[in-house]
Amino acid sequence: MNILTKVLTAVSFLFTAYACTQDAYDKGDGAYSLMQADLVMAYTNSDGLLDRFVTDDGAAHRLKEPLKNGWMTTPDSAYRAAFYYTKSNDGGGTTTIHRMSRVGVMVPKFITDMKTDPVGIESAWVSKNGQYLNLGLNLKLGSVTDENVIQTLGCHIDSLMAFPDSTRAVRLLLYHDQGGVPEYYSQRAFFSIPVKVLATDTIHLLINTYSGQVERTFVVER
């Protein structure tokens, strides 16, 4: 994506691409008792169908059958996503996806007209492969009839610092414009910030929450 990530609010698209029911808690050995959850890079084939994905710890998976998806439509392309899946035990090395959601990618930019409407933050971590700083946010949503009423998120580069020992640090601010969207309920959403483009050793991330500004610091490998 470009500077900002738009959030659709009329429907809860974040977790509805694939749905599943789960009753595996009765014996602990149900169909979903071995289900895993990961942020991934998902790939489409030449027909625009999802056929494989790679988790942030480097595990590669291929699907039993390629899937048609409403937002992964470009042939031979890569998408950032959150997958709930199980690996096959038939020895074939295939994987079944039970649920998936988009993960917005926010490329850090210099944003001149900053907005810092509050969000809720559940988690923040650097992926095992060192490619992304991942955020689990709670966004306030509500049904709207005007398609132009949307909230927007992005990542602003506030400052860059270089030190005598050749290390570098960057200070990032989360951009968030509620955009007139009603704040009736909260819904979790994941976002990823590419870190390699920053060529930094330390990231200081500032997020305005409903309890005030929060700063998180992360050490990354260049």
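Observations, loosely collected:
- Cα gyration tensor shape for the range 53-175, rounded if a/c is under 1.5, else prolate or oblate: oblate
- Candidate residues S211, S186: accessible-area rank, largest first, probe 1.4 Å: S211, S186
- Computed label-point distance, nm, for sites S166 and T73 using a 7 Å Cα→Cβ extension: 4.9 nm
- Remark: spin-label model distance N138-V105 equals 2.9 nm, labels positioned 7 Å along the Cα→Cβ axis.
- Looking at the range 123-222, the accessible area is 49 square angstrom per residue; that uses a 1.4 Å probe and ignores ligands, DNA and RNA.
- The figure for E65 is an accessible area of roughly 140 square angstrom, using a 1.4 Å probe on the protein chains alone.
- ³J(HN,Hα), Karplus 6.51/-1.76/1.60, whole Hz, each residue of the range 183-193, x for Gly, Pro: 10, 7, 8, 9, 9, 6, 9, 10, 9, 10, 10
- From the alpha carbon centroid of the range 46-112 to that of the range 157-185 is 27 Å.
- Nonlocal amide H pairs with G142, under 5 Å, H built at 1.01 Å: Y184
- Computed label-point distance, nm, for sites V197 and A59 using a 7 Å Cα→Cβ extension: 2.9 nm
- Backbone N within the range 61-100 under 16 Å of label point (7 Å from Q36 Cα along the Cβ vector): 61-64, 81-100
- Solvent-accessible surface (1.4 angstrom probe) belonging to M41, in square angstrom, nearest 10: 40 Å²
- Expressed as a whole percent, the accessible surface of the range 87-222 that belongs to carbon and sulfur atoms is 47, based on a 1.4 Å probe.
The values are calculated or read from the model by the stated rules, or taken from the named source; none is laboratory data. All values reported here derive from a predicted model rather than from experimental measurement. When we count neighbours, we look across all protein chains shown, and the Cβ atoms used for this are built from the backbone with ideal geometry, even at glycine. The area values use the complete protein model at the heavy-atom level, side chains included, leaving out ligands, DNA and RNA. Shrake-Rupley method; radii C 1.70, N 1.55, O 1.52, S 1.80 Å.
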